[in-house]
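Heads up: the structure comes next, in structure tokens.
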Amino acid sequence: MALQLEEDGWLNPKIADYFAEYAEICFTHFGDRVQNWITINEPWVIAMLGYGQGVFAPGRVSDREPYQAAHQILRAHAKAVAIYRSRYQPQQQGRIAITNNCDWREPLTTAAADKEAAQRSLEFFLAWFADPIYKGSYPKSMIKRVGYRLPRFNEADLEILMGSSDFFGIKHYTTLLASEAKGNMKKDFVFGNGGLSKDQHVNLSVDKEWKKTKMNWSIVPWGLERLLHWIDDRYDQPEIVITENGAAFDDKVVDGVINDKSRIDFYQQYLMACHDALASGVNLTGYFAWSLMDNFEWASGFSKRFGIYHVDFETLERTPKASAKWYQKMIQNGLPDLNT
């Protein structure tokens, strides 16, 4: 709170040094036990929903500040990684990375303009944060469309930013259809737009046949497989770790039992998509289900339940859902056949 009120939060270039100092405290005190570090979680959410659309803290609305905040987030990540690698990694033998969130963008039609719109939407969402680390610059589509509002990295920043992720962390939940706006920009909506609409010039929509979660996110397993291939192709086959994938449903407790079959179906289908990506050569080495327990879910509070363990928020009693038992068996015995 103080950093936001007194130092302007992620808009202040000094925040990168503050973050690096904080990270070093963590490395010092927990590095003997922590082997896998994530510097920043979902930088797109911080930048876009916090500084662009204002639905998350600090609640600012701007067409320039998201790019400024994102720039400082990347600088903060790089500085923290530089400290870890030079002072702690040789002894502690851990790994460090950033993790991004990204929905898949499928072209609405086979038209070239829609294919380009889908690609541009992915660049404004994921490549915004990944390209500087793996390619040394922001995507060309962003540089062209954002212009002077998009900050530039100096040589010192780039030296420590390039290659500053030991693995590619990705969080994925849903898929949207992307099309060229053609001068008819639809009203922006919060939980689907991968960047500022007027900068992307992309319209987003969903297939009415797609089932949805309690978050109103479409369930499209093949979208995850295509995203994994997109990452694999664009960044020369990096090691990928899915640091979040899961679904919120309206779980009902009946006689002490939570039969969340929809969640089981979700995990089975999305894990099969991971299996298919692995089989075709994608270097996917890890998968984390979100989440172990129902929790406080950003601006949704306790109203959305993602956990495979049900939590009574008054008594804090924890009860395994059917999905928890299914997940346990899946880990022990492997992924069941989709037809069983």
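The values are calculated or read from the model by the stated rules, or taken from the named source; none is laboratory data. Not measured: the values here are computed from a predicted model. All Cβ positions, glycine included, derive from the backbone under ideal geometry; neighbour counts span all protein chains shown. Quick note on the areas: whole protein, heavy atoms, side chains included, nothing else; ligands and nucleic acids left out. Shrake-Rupley method; radii C 1.70, N 1.55, O 1.52, S 1.80 Å.
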Subset tally (residues that are among the aliphatic types (A, V, I, L, M), in contact with a strand residue (DSSP E or B) (Cβ under 7 Å, 6 or more places away or on another chain) and buried (at least 18 other Cβ atoms within 10 Å of the Cβ)) for segment 253-268
1
Of the criteria (1) modelled with pLDDT of 95 or more; (2) of a type in the set (Phe, Trp, Tyr); (3) surrounded by fewer than 16 Cβ atoms within 10 Å (Cβ to Cβ), which one Trp298 fails
(1)
Taking the residues in segment 313-329 that are in contact with a strand residue (DSSP E or B) (Cβ under 8 Å, 6 or more places away or on another chain) and open to solvent by less than 80 Å² (accessible area, probe 1.4 Å) as candidates, determine which candidate is nearest to Lys252 (Cα to Cα).
Lys321
Scan of segment 1-59 for residues that are part of a strand (DSSP E or B) and among the aliphatic types (A, V, I, L, M), ordered by number
Ile38, Ile40
Within segment 201-213, residues modelled with pLDDT of 95 or more and touching a helix residue (DSSP H, G or I) at 6+ places or on another chain (Cβ under 9 Å) come out as Lys211, Thr213
Of all the residues that make up segment 255-269, how many are over 19 Å from Glu297 (Cβ atoms) and either modelled with pLDDT of 95 or more or charged (D, E, K, R) (or both)?
8
Segment 13-25 residues that are open to solvent by 40 Å² or more (accessible area, probe 1.4 Å), paired with ones that are acidic (Asp, Glu) (beta carbon under 8 Å, 6 or more apart)
Lys14/Glu7; Tyr18/Glu7
Matching residues in segment 301-312 - criterion: being open to solvent by 40 Å² or more (accessible area, probe 1.4 Å) and in contact with a Leu (Cβ under 9 Å, 6 or more places away or on another chain)
Tyr309
Candidates Gly334, Gly256 - the one that is free of Cβ contacts under 8 Å to residues at least 12 places away in the same chain and at positive phi:
Gly334
Residue check, Ser62 farther than 30 Å from Val202 by Cα, of a type in the set (Ser, Thr, Tyr) and surrounded by fewer than 21 Cβ atoms within 10 Å (Cβ to Cβ)
no
All-but-one check, Leu74 against (1) of a type outside the set (Gly, Ala, Ser); (2) in a loop (DSSP other than H, G, I, E, B); (3) crowded, with 22+ Cβ neighbours inside 10 Å, failing number (2)
Of the conditions (1) touching a strand residue (DSSP E or B) at 6+ places or on another chain (Cβ under 6 Å); (2) touching a residue at least 24 places away in the same chain (Cβ under 8 Å), Gly54 satisfies every one except a single condition; which number is it?
(2)
Run down Asp276, Asp250 and say which single residue is of a type in the set (D, E, K, R), in contact with a Lys or Arg (Cβ under 7 Å, 6 or more places away or on another chain) and surrounded by fewer than 19 Cβ atoms within 10 Å (Cβ to Cβ).
Asp250
Just checking, how many residues over segment 223-244 are more than 17 Å from the chain's Cα centre (by Cα) and either open to solvent by less than 20 Å² (accessible area, probe 1.4 Å) or closer than 30 Å to Phe296 by Cα (or both)?
0
Test Lys198 against the stated conditions and say whether it is open to solvent by 30 Å² or more (accessible area, probe 1.4 Å), of a type in the set (Lys, Arg), modelled with pLDDT of 95 or more and more than 16 Å from the chain's Cα centre (by Cα).
no
Among the numbered criteria (1) over 17 Å from the mean Cα position of the chain (by Cα); (2) open to solvent by 40 Å² or more (accessible area, probe 1.4 Å); (3) closer than 26 Å to Ser137 by Cα, which single criterion is violated by Ala82?
(2)
Exception for Trp37 within (1) among the aromatic types (Phe, Trp, Tyr); (2) surrounded by 22 or more Cβ atoms within 10 Å (Cβ to Cβ); (3) farther than 18 Å from Gly169 by Cα falls at (3)
Test set (1) open to solvent by less than 20 Å² (accessible area, probe 1.4 Å); (2) at pLDDT 95 or above - Gly52 fails condition number:
(2)
